[in-house]
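J.: One structure is given below, represented as C-alpha cells, and several questions about it will come after.
The values are calculated or read from the model by the stated rules, or taken from the named source; none is laboratory data. Bear in mind the structure is a predicted one, so any value in this text is a computation, not a measurement. Cβ placement follows ideal geometry from the backbone for every residue including glycine, while neighbour counts extend to all protein chains displayed.
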Amino acid sequence: MDGLRGYLIKSDKSCSHVETLSVLESATAPDTKLLWLDIQGELSEEVEAELSRVLGWHPIVLENFHLASSRPKLINFDRYSQVTLHALNLDRPHEERLTIEIDIVIAKTYLITYHKHPVRSIEETLEDLREGRLVSLGADELLYHIVSHGIDKYTPAIEGKKDLIAALEQEALYSPGQDLLERIVLLRDEVIELGVVMTPQQLILSQMATGVCRHVRPFIRPYFKDAESRMRNLIDELNSYKEMLANSLELYRSAMSSRTNGTMTVLTAMSALFLPLTFLTGLFGMNVNLPLAHQNHAFIFIVVLCLTSFVGMMAYFKIKSWF
C-alpha cells in the first residue's frame, strides 16, 4: 500500500492529521464528527481485515475495491453506502486508462476513499483541510468537495478538445497527413470513453441529490444537484464533440477521395495524351509496305503528326478543365 492519510474532526471542531489504521476505532466514538481516511495503492490483507473488523463492512464492499469497473455505481447498505466514481488520470502515460476509479464508503461519521493511483481532486481536498479552508463538515459535505474538485478537472480537459477537433478539421480540409486518420480515431475513442464514464456518473450525482443515497443529508443535496447540473452540461458538450469528430472523419474521407479522384484524372489524361502517339508509332512501325515508307521526309512527317496530336489533345483537355 503506497499511502494512508486522512483527518479526524472532533465535535469541538478540532482537526488532526492521521496516517495509521489505529484511528479507525474513532469512527464510532461519540465525540467524532468526521473521520476521513484516504487509501492509495494496493490493499494488503491486514488492511482489509482491519476495515472489515472495525467498520463491519459487507464482503462485497472490499470485493468491489478489487474489481475494476468502467461504470460508476451506488450501493446502499444499512449503516453505510458504497459509491464508485471516476476521476481524470491527468498524469497518465499514453497506454494507461483515461480515468482513475475511486471507491468510496460513506457513513454518518466517516468517509473512506480508495484508489490505486494519485487523484488530483483528493489531493486538493486534503490540501483544503490542511490549510483550514474546510472545518466542521460532515462526510457528505466532504464527498461533495471531492466531487466538485473532480468536475473542475473534467471541465478544461473537455473544453480543450474543441480547439483540437477544429485543428483536425482544418488539417483534414487542406492538408490531410498520413497519420491524421489515426489521430481522429484516438481522439474519438477518448471522447467515447469519457462519455461511458461521465453519463452514469451524472446519474449517481442525481441520486445523491434526490435522496437515493441514504447518507447525504437534505440540506447537502442541493450541492449535489449543482454538481449534477455541471456534469450534465459537460456531457452535452461531449456529445456535440462526437458529432464534430464524425464530421471530421467524413471530411477526411471526402478529402482523400477527392485527392484520389484528382490523381486518377491526371493519370487518365496522361494516358489519353499518349494513346494517339502509341497508335501512330505502332502503325508506322509495322514491317509491311506503308504509304510514305520510302519517302525521305516520312520521319519528319510522322514526328510533326505526333506533336500536332499531342498539342491538340492538351488544348482540348485544357478547354474542358480536365487538368
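J.: Would you tally the residues in the stretch 133-149 being in contact with a strand residue (DSSP E or B) (Cβ under 8 Å, 6 or more places away or on another chain) and either without any contact (Cβ under 8 Å) to a residue 24 or more places away in the chain or assigned to a helix (DSSP H, G or I) (or both)? Walk me through it before giving the result.
T.: Going residue by residue through the stretch 133-149, those that are in contact with a strand residue (DSSP E or B) (Cβ under 8 Å, 6 or more places away or on another chain) are 135-140, 142-143, 146-147.
Imposing the further condition that a residue be either without any contact (Cβ under 8 Å) to a residue 24 or more places away in the chain or assigned to a helix (DSSP H, G or I) (or both) reduces the set to 139-140, 142-143, 146-147.
The number of residues fulfilling the criteria is 6.
J.: Assuming residue 220 fulfils every condition listed in (1) over 30 Å from residue 143 (Cβ atoms); (2) more than 15 Å from the chain's Cα centre (by Cα); (3) assigned by TED's automatic domain parsing to the domain that holds residue 144; (4) not charged (D, E, K, R) apart from one, which condition is it?
T.: The one condition residue 220 does not meet is (1).
J.: Another question, then. Within the stretch 59-85, can you find the residues that are of a type in the set (Ser, Thr, Tyr), assigned to a loop (DSSP other than H, G, I, E, B) and within 22 Å of residue 198 (Cβ to Cβ)? Don't jump to the end; show me each part of the working.
T.: Taking the stretch 59-85 first, the residues of a type in the set (Ser, Thr, Tyr) are 69-70, 80-81, 84.
From what's left, assigned to a loop (DSSP other than H, G, I, E, B): 69-70, 80.
Hits for the stretch 59-85 are 69, 70.
J.: Output the residues belonging to the stretch 8-41 that are assigned to a strand (DSSP E or B) and in contact (Cβ under 8 Å) with a residue 40 or more places away in the chain. Can you show your working first?
T.: As a first pass, look at the stretch 8-41 and keep what is assigned to a strand (DSSP E or B): 8-10, 15-18, 32-40.
Those that are assigned to a strand (DSSP E or B) and in contact (Cβ under 8 Å) with a residue 40 or more places away in the chain: 9, 15, 17, 32, 33, 34, 35, 36, 37, 38, 39, 40.
J.: Hey, another quick one. Would you mind stating whether residue 119 is surrounded by fewer than 21 Cβ atoms within 10 Å (Cβ to Cβ), in the same structural domain as residue 238 (by TED's automatic domain parsing) and either touching a Cys at 6+ places or on another chain (Cβ under 6 Å) or of a type in the set (Val, Ile, Thr) (or both)?
T.: no
J.: Something else now. Suppose we filter 203, 173 for residues that are surrounded by fewer than 20 Cβ atoms within 10 Å (Cβ to Cβ) and within 30 Å of residue 33 (Cα to Cα); which single one remains?
T.: Within the list 203, 173, the selection yields 203.
J.: Name every residue in the stretch 279-297 that is modelled with pLDDT of 70 or more and surrounded by 12 or more Cβ atoms within 10 Å (Cβ to Cβ), in order of residue number.
T.: Selection gives 279, 280, 281.
Results for (1) over 23 Å from residue 213 (Cα atoms); (2) surrounded by 20 or more Cβ atoms within 10 Å (Cβ to Cβ); (3) within 13 Å of the chain's Cα centre (by Cα), shown as yes or no for each residue.
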{"residue": "83", "(1), (2), (3)": "no, yes, no"}
{"residue": "103", "(1), (2), (3)": "no, yes, no"}
{"residue": "111", "(1), (2), (3)": "no, yes, no"}
{"residue": "133", "(1), (2), (3)": "yes, no, no"}
{"residue": "146", "(1), (2), (3)": "no, yes, no"}
{"residue": "155", "(1), (2), (3)": "yes, no, yes"}
{"residue": "159", "(1), (2), (3)": "yes, no, yes"}
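J.: If you scan the stretch 11-61, which residues turn out to be crowded, with 17+ Cβ neighbours inside 10 Å and under 20 Å from residue 131 (Cβ atoms)?
T.: Result: 15, 18, 33, 34, 35, 36, 37, 38.
J.: Tally the residues that are without any contact (Cβ under 8 Å) to a residue 24 or more places away in the chain and under 20 Å from residue 260 (Cβ atoms), restricting the search to the stretch 160-184.
T.: 7
J.: Also: For the stretch 141-188, name all the residues that are under 25 Å from residue 233 (Cβ atoms) and polar (S, T, N, Q).
T.: 148, 155 - these are the residues of the stretch 141-188 that are under 25 Å from residue 233 (Cβ atoms) and polar (S, T, N, Q).
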